[in-house]
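This report refers to the structure that appears directly beneath it.
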Amino acid sequence: MGSAGRSAARRRADRTAAGDAFGGEAEGGCDDPSPGGTRGGVIRRVVIVGGGTAGWMAAAALARGLGTTHAITLIESASIGTVGVGEATVPPIRDFNRYLRIDEDEFVRATSGSFKLGIEFVGWNGEGSRYFHPFGFLGPDMAGADFHHVWLRHLAEGGDPDIARINPETAAAREGRFARDTRHGPLHHAFHFDAARYATFLRGYAEARGVARIEGEVTAVERDGESGDIAAVRLASGAAVAGDLFVDCSGFRGLLIEGALETGYVDWTCWLPCDRAVALPTARIADPAPFTRSTAREAGWQWRIPLQHRTGNGYVYCSSFLGDDEAASLLAARVDGEPLAEPNRLRFTAGHRRLFWNRNCVAIGLAGGFLEPLESTSIHLIQTAIIRLLALFPGDHVDPRLAERFNREAQAEYEGVRDFVVAHYAVASGIDTPFWRAIGEAPLPESLAERIAVFRATGTVLYERGDLFGPTNWYAILTGQGCAASAYHPLVGALDGKLVRDRIAALEARCAQMIAGLPGHADFIAAHCGA
């Protein structure tokens, strides 16, 4: 899993489609946005505005990589709340932990976390339907073709359609079992965790490595009169904090990237119309399942994220079809366990800043963009932005070519994740409400329409090297929601039938061996990383 790639022509076409849907050019849209030229002194002072998950992830990683040579300051105000609902992740977060040299048991214990083997989707093909999107892989490629083509042939020849027979992550999730490693290989996994505790955990890590935290609210931004760069931020106390490079982690407000630099926003509401969410934590009443659950609802979908000490719940919905009070009431009626807090209401617009890196400011997290957390990508997009910043970190000055590269890669990544999220809506069926009827009539990004058409006709998943979501992921959600492929790859069709059957049988045997004797998920947590 990594950043997604798209051609420049396709990106321009998608932006044009977004503009057409709103009767003109999308807000802030242009064919060739430029971060502008910036010059200045040596980059030695990094100022992060905003804490929360994004701010402290950035602080921790910058401290790990640059803490001995750069002064890193984080400004946050205890009086300004954070969103705090990004509680589910995807497997590459393990790479981030390894970069920070964080022990996984310590991390899970500190965040009251649990393990995640994938996402169960309920009702996306109508009432009573369900399927599982697993982490990991279905099997090794054969004859130069992605393995799902082998599975498509297996199905075409009357084979058992239960993917849990060959995918250990699906099988373990179904039985509520978990272990990191088995005698026959690892289980690919990510985590659920308490986002507030994660930020606290990373704050301790960062401060121990020299990050200076300043308590205060930013009330003004001072810009250099000659270059236009941000020179300093001024706090409510009157103090000014100067810097060479600023990282905007101020959330939806985009205090620096938008409030000061007026960067503009590319609005994707035409493809992702959900613009509200209400979150409600509840008391734990059962052992946590090793997966996230997403349930289709009348005007969006509901999440369920099991932690050690509580369960995270939320309803993502479109305000054009459902009122805020009704959404909160419906969510409260559908959760298990007693509520532990008042509902947390969020408003958002799907899309991203025209520039993630503008002049000497880099926007990370919600300050840079937002995609609804249907596939738990919010924290991943924070992570990749941070790693990208480290890879392109400026030296003597902010070279605009570094910023242009950062923006190009970030935009391609957002577009790739967007297509994957929109695909869930595009191939959903059997839900007869005004919201879902409107979704069914909505246009698709050109790149997604091409993916779906090619898969239906040939079984091939179009993807780029380094995409976050690869063939196993696309196969799971497309076929899970009834989007059938009418063919499989000719290279697989040319294989000897016995060879195909033997490969499937070998995978079934390996899966059974991996699952046999696995401890229950709650038992594994208690033995290794109970809070």
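Just checking, which of ASN313, ASN360 is over 21 Å from GLY52 (Cβ atoms) and either touching a residue at least 40 places away in the same chain (Cβ under 8 Å) or of a type in the set (S, T, N, Q) (or both)?
Details: ASN313 fails: over 21 Å from GLY52 (Cβ atoms).
From the options ASN313, ASN360, the qualifying one is ASN360.
Just the residues that are in contact with a Lys or Arg (Cβ under 7 Å, 6 or more places away or on another chain), outside any strand (DSSP E or B) and among the hydrophobic types (A, V, I, L, M, F, W, C), please, taken from the range 334-363.
The answer is LEU340, and nothing else.
The conditions are (1) surrounded by fewer than 24 Cβ atoms within 10 Å (Cβ to Cβ); (2) in the same structural domain as ILE43 (by TED's automatic domain parsing); (3) part of a loop (DSSP other than H, G, I, E, B); (4) not basic (Lys, Arg), and ILE214 fails exactly one of them. Which is it?
All conditions pass for ILE214, except number (3).
Of a type outside the set (Lys, Arg), modelled with pLDDT of 95 or more, crowded, with 20+ Cβ neighbours inside 10 Å and part of a loop (DSSP other than H, G, I, E, B): which single residue out of VAL83, VAL46, VAL108, VAL90 fits that description?
VAL90
Being buried (at least 20 other Cβ atoms within 10 Å of the Cβ) and more than 13 Å from PHE147 (Cα to Cα) is the filter here, so list the residues in the range 483-509 that pass it.
Matches in the range 483-509: ALA485 only.
Scan THR263, THR292 and give me the residue that is surrounded by 20 or more Cβ atoms within 10 Å (Cβ to Cβ), out of contact with any helix residue (DSSP H, G or I) (no Cβ under 8 Å at 6 or more places or on another chain), β-branched (Val, Ile, Thr) and farther than 23 Å from PHE135 by Cβ.
THR263
Yes or no: the range 366-377 includes at least one residue that is within 13 Å of the chain's Cα centre (by Cα), modelled with pLDDT of 95 or more and among the β-branched types (Val, Ile, Thr).
yes
Looking at (1) without any contact (Cβ under 8 Å) to a residue 24 or more places away in the chain; (2) assigned to a helix (DSSP H, G or I); (3) not basic (Lys, Arg), can you tell me which one LEU462 breaks?
The single condition LEU462 does not satisfy is (2).
Where the second residue is aromatic (Phe, Trp, Tyr) and the first is at negative phi and lies in the range 239-256, which pairs have Cβ atoms under 9 Å and are six or more apart or on separate chains?
That search, which allows pairs on different chains as well, returns LEU245/PHE393; CYS249/TRP56; PHE252/PHE348; PHE252/PHE370; LEU256/PHE246.
Suppose we filter the range 461-482 for residues that are of a type outside the set (Phe, Trp, Tyr) and surrounded by 19 or more Cβ atoms within 10 Å (Cβ to Cβ); how many remain?
12
The values are calculated or read from the model by the stated rules, or taken from the named source; none is laboratory data. All values derive from a computational prediction rather than experimental measurement. Glycine gets a Cβ as well: all are built from the backbone with ideal geometry, and neighbour counts include every protein chain shown.
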